[in-house]
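Okay, so here's the structure we're looking at.
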2 protein chains.
Amino acid sequence: MQTDPRILFGRRLAQVRKLKGWSQERLALESGIARSYLGGVERGQRNIALINICKLAETLEVPVGELFLFEPPADGAP
Amino acid sequence: MQTDPRILFGRRLAQVRKLKGWSQERLALESGIARSYLGGVERGQRNIALINICKLAETLEVPVGELFLFEPPADGAP
């Protein structure tokens, strides 16, 4: 793993959520996961576990693997 | 999710590991994750978190999403 998986996952989750046109608040409400926790996940600050990962994918109606399609960092990106 | 994600993930992890011809002990050694913990994950008893999920995929040299290709349960399966 070139970068912290928490950062990669958080970035990808936010991307999938935005592609769906959902706010963080809506995803929190529909998944039953606290908005503050979800914010921490998207900021790469939380080591989210299996059950909640699957809950988010189910809520967003994507296969779980979709949340792990991390983009390679751009050249020179931190 | 029709079945507990811990069960589905554990079953899939064991499947990917066996396809590679690795023992649980070897995966534990190469990933740095305790064998007893790994056993619990494969038995569906652990809510394994992001960092360790990514570590296992990296050790098994598969994309993380590969570990989430859950098979649909057979008819009449518990």
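Applying a threshold of 6 Å to beta carbon distances and a minimum spacing of six or more residues, or different chains, the list of pairs starting in region A:1-14 at a residue that is farther than 20 Å from A:Thr59 by Cβ and at the interface with another protein chain (Cβ under 8 Å from one of its Cβ atoms) and ending at one that is at pLDDT 95 or above and buried (at least 20 other Cβ atoms within 10 Å of the Cβ) reads A:Met1/B:Cys54; A:Pro5/B:Leu50; A:Pro5/B:Cys54. Here A:Val62 meets each of (1) under 21 Å from B:Ile7 (Cα atoms); (2) among the β-branched types (Val, Ile, Thr); (3) assigned to a helix (DSSP H, G or I) with one exception, condition (3). Under the condition of being among the small types (Gly, Ala, Ser), assigned to a helix (DSSP H, G or I) and touching a residue at least 24 places away in the same chain (Cβ under 8 Å), the residues counted in region A:15-55 number 1.
Among the residues of region B:15-54, those identified as within 12 Å of chain A (Cβ to nearest Cβ), of a type in the set (A, V, I, L, M, F, W, C) and surrounded by fewer than 19 Cβ atoms within 10 Å (Cβ to Cβ) are B:Ala49, B:Ile51.
The values are calculated or read from the model by the stated rules, or taken from the named source; none is laboratory data. In this text, all values refer to a predicted model and were calculated from it rather than measured experimentally. FYI the Cβ positions are ideal-geometry reconstructions off the backbone, even for glycines, and counts take in every protein chain you see.
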